[in-house]
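**Q** Right, I'll just put the structure down here and ask away after.
The values are calculated or read from the model by the stated rules, or taken from the named source; none is laboratory data. All values derive from a computational prediction rather than experimental measurement. Virtual Cβ from ideal backbone geometry, glycine too; neighbours counted across all protein chains shown. What goes into the accessible areas is simple: the full protein's heavy atoms, side chains included, and nothing from ligands, DNA or RNA. Shrake-Rupley method; radii C 1.70, N 1.55, O 1.52, S 1.80 Å.
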Amino acid sequence: MEYAIQDVGYHWLVERIAQKAVTPLRYKDNSRVRDFLAKNSGPGVVLLQAWLYDGGDDVDWIYSVQGIVYGVNFSRLAETRPAHDLFVFSRQNLALCVGHWFYSHGYMSAQGWGAYTERVYAPR
């Protein structure tokens, strides 16, 4: 399901690039990013780490299209939102089932279980 969402997001992005309706991501202007770029960038290198980019924390996937980096938030696209919501629900459900197994077998305290469920449902 995740691959299908990424594929639809890619095709949406390529169409918007052709229409000049999206802008590329830009590097953050801070010393940590500058240091990382000095050590890791070079000819032909495409960096896809979200923390490098302004707004990178707000994207679900980063694509490189012809060497230019763009970000897409699947929950905001009409084309991917329903599948993305189902995918998020499935991940949460799996996490809760696994966590509940540990809690019910005594490997997690009631307080730990409560904190765990809060993390599962916390907005990202």
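**Q** Consider the range 24-41. How many of its residues are modelled with pLDDT under 95 and open to solvent by less than 60 Å² (accessible area, probe 1.4 Å)?
**A** So the answer is 0.
**Q** What are the residues in the range 59-74 that are among the small types (Gly, Ala, Ser) and surrounded by 15 or more Cβ atoms within 10 Å (Cβ to Cβ), if any?
**A** 71 - this is the single residue of the range 59-74 that is among the small types (Gly, Ala, Ser) and surrounded by 15 or more Cβ atoms within 10 Å (Cβ to Cβ).
**Q** Restricting attention to the range 83-124, report how many residues are among the acidic types (Asp, Glu) and either open to solvent by less than 50 Å² (accessible area, probe 1.4 Å) or farther than 22 Å from residue 73 by Cβ (or both).
**A** So the answer is 1.
**Q** Scan the range 72-84 and give yes if some residue there is touching a strand residue (DSSP E or B) at 6+ places or on another chain (Cβ under 6 Å), under 28 Å from residue 118 (Cβ atoms) and not hydroxyl-bearing (Ser, Thr, Tyr), otherwise no.
**A** yes
**Q** Please work out which residue is farthest from the chain's Cα centre (by Cα), limiting yourself to the range 34-67 and to residues that are of a type in the set (Phe, Trp, Tyr) and within 30 Å of residue 4 (Cα to Cα).
**A** The residue in question is 53.
**Q** Also: Looking at the range 25-37, can you tell me whether even one residue there is within 22 Å of residue 120 (Cβ to Cβ), in contact with a helix residue (DSSP H, G or I) (Cβ under 9 Å, 6 or more places away or on another chain) and not hydroxyl-bearing (Ser, Thr, Tyr)?
**A** Within the range 25-37, none of the residues are within 22 Å of residue 120 (Cβ to Cβ), in contact with a helix residue (DSSP H, G or I) (Cβ under 9 Å, 6 or more places away or on another chain) and not hydroxyl-bearing (Ser, Thr, Tyr).
**Q** Among the candidates 71, 44, which residue alone is modelled with pLDDT under 95 and not hydroxyl-bearing (Ser, Thr, Tyr)?
**A** Answer to the check: 44.
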